[in-house]
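First comes the structure, then the notes that go with it.
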Number of protein chains: 2
Amino acid sequence: MSNTTTPLPQKISQIALIVRDIETTALQYAQLFGVDMPQVIITDGQDKTHMLHKGKASDARAKLAFFHLENITIELIEPIGAPSTWQEHLDQVGEGVHHIAFDVADIKQTEQELAKQGYSVEQLGDFEGGCYSYINATDRLKLQIELLAPPRS
Amino acid sequence: MSNTTTPLPQKISQIALIVRDIETTALQYAQLFGVDMPQVIITDGQDKTHMLHKGKASDARAKLAFFHLENITIELIEPIGAPSTWQEHLDQVGEGVHHIAFDVADIKQTEQELAKQGYSVEQLGDFEGGCYSYINATDRLKLQIELLAPPRS
C-alpha cells in the first residue's frame, strides 16, 4: 500500500471491549489464553483524570483489565457511573468492541490533523504516566479511535 | 502472565468488522491510514467454500476488504445473502467488530480443544489457500473467535 500523509501509525496497540461485569469476562479471557487473572484497576477521580466527555467535566469512572498478547493488548472496560463514552456504548450498543487504540507522540497535533478530516474528540482524560483521547469515528469507521500519548505538557 | 495449556496462540492476526456498505467504509479507512483503496473481493460459492452455518450448508457470501497494518490486519466484511454469522451480526447488533482471528496449525484439533472449554463452531468454510472456523464466544468473550488454518486435509 502506498503511504501518504496520515496522522496515525499503522500499528494498533489495543483493542478494547465494553463489558457489563469485568471480573466474569476477564476470567473467561484468562482461561481462554491460559494466563493468570489480571488485576482489575479502577480509574482515578476527576481531580486526577480531568476527564471531559463531549467537552464537559465528568465524574464517571471505569474498571479496567488488560491482557498483553504478543502483538496487541486486549483491554476490558466496565463503566462506573456516567456520563462517559463507555456507558453510552453499553446503553446503546451493548457489550463488545468499543475502540482500537494508537500510540501517538503528540496528542494535540494528532487531534488537530484528525479534525481536518472531520473527526472530533468524544472524550479525553489523563492517567498516571499518560493521557488519552477518544475520537468519535462510529459513523465512518464503525468504532472509535483512541489516541494514547505521554502526559499532556 | 503464567502460561498453562491453551489452544490459541497469544497473537491476534485480524480484527474484523461487519459493515453495510464496504466500498464506503473501506474508503474511510484508506483515507485515515493514507493508503490506496484495497481491492474488494467476493467469497466463492458453496461448491468451493463448503460453507456450513450452524451445521447446515449455506449459499451466503460476503464482500471482503483488508488493511494490512504493521502488527495486525483490519478486515471489513459486507454480508451477501443469508444465512451467515455475518448477516446475523448486522441484523442483531449492527455494524462493528464481529471477531478477532488467530492463526492455528490444526483447525480440527483447536476446535476440539475449545469444545472442551464449551465453545462451539458457529460457521466454517474453505477459501483458496486455507480454511476458517468461527467459534461462537459472544456470551463469554463478547465477540467471536475466528480460527484461520491451512487447507483442510
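For this structure, a couple of remarks:
- In the complete set of protein chains, residue-level accessible area for B:Leu64 is approximately 20 Å², probe 1.4 angstrom.
- Lys, Arg +1 and Asp, Glu -1 on Cβ, resulting dipole of chain B about Cα centre, debye, nearest 20: 420
- GluC sites (Glu not before Pro) restricted to the stretch B:72-153 and DSSP loop, no more than 15 other C-beta within 10 Å: B:Glu128
- Exceeding the 23 Å Cα-Cα cut-off - candidates A:Lys54/B:Lys142; B:Lys116/B:Lys142; A:Lys142/B:Lys63; A:Lys54/A:Lys108; B:Lys63/B:Lys116: A:Lys54/B:Lys142; B:Lys63/B:Lys116
- Residues in the stretch A:98-103 carry Karplus couplings, in order, of 9, 7, 10, 10, 10, 7 Hz; the curve used is 6.51 cos²θ - 1.76 cosθ + 1.60 with θ = phi - 60°, and Gly or Pro positions show x.
- Sum of -39500 (n - 2.57) over DSSP H runs of 4+, divided by residues of chain A (222 nm, nearest 500): -6500 deg cm²/dmol
- Taking θ as phi - 60° and the Karplus parameters 6.51, -1.76 and 1.60, the scalar couplings of the stretch B:129-143 work out to x, x, 8, 9, 9, 9, 9, 6, 10, 4, 5, 9, 10, 6, 6 Hz in sequence order, x denoting glycine and proline.
- Extended-chain gain in nm, criterion 0.36 nm per residue less alpha-carbon gap, B:Gln39 and B:Ala105: 21.0 nm
- Taking the accessible area of the protein assembly as shown, probe 1.4 Å, and keeping the other protein chains in place, the carbon and sulfur fraction comes to 49%.
- Ratio of the Cα radius of gyration of the protein assembly as shown to 2.2 N^0.38 Å, where N counts its residues: 0.99
- Cα centroid separation, the stretch A:88-153 to the stretch B:1-57 (Å): 23
The values are calculated or read from the model by the stated rules, or taken from the named source; none is laboratory data. Given the structure is predicted, the values throughout are model-derived calculations rather than measurements. Ideal geometry is used to build each Cβ from the backbone, glycine not excepted, and the neighbour counts take in all protein chains shown. Side chains included, ligands, DNA and RNA excluded: accessible areas come from the protein's heavy atoms. Shrake-Rupley method; radii C 1.70, N 1.55, O 1.52, S 1.80 Å.
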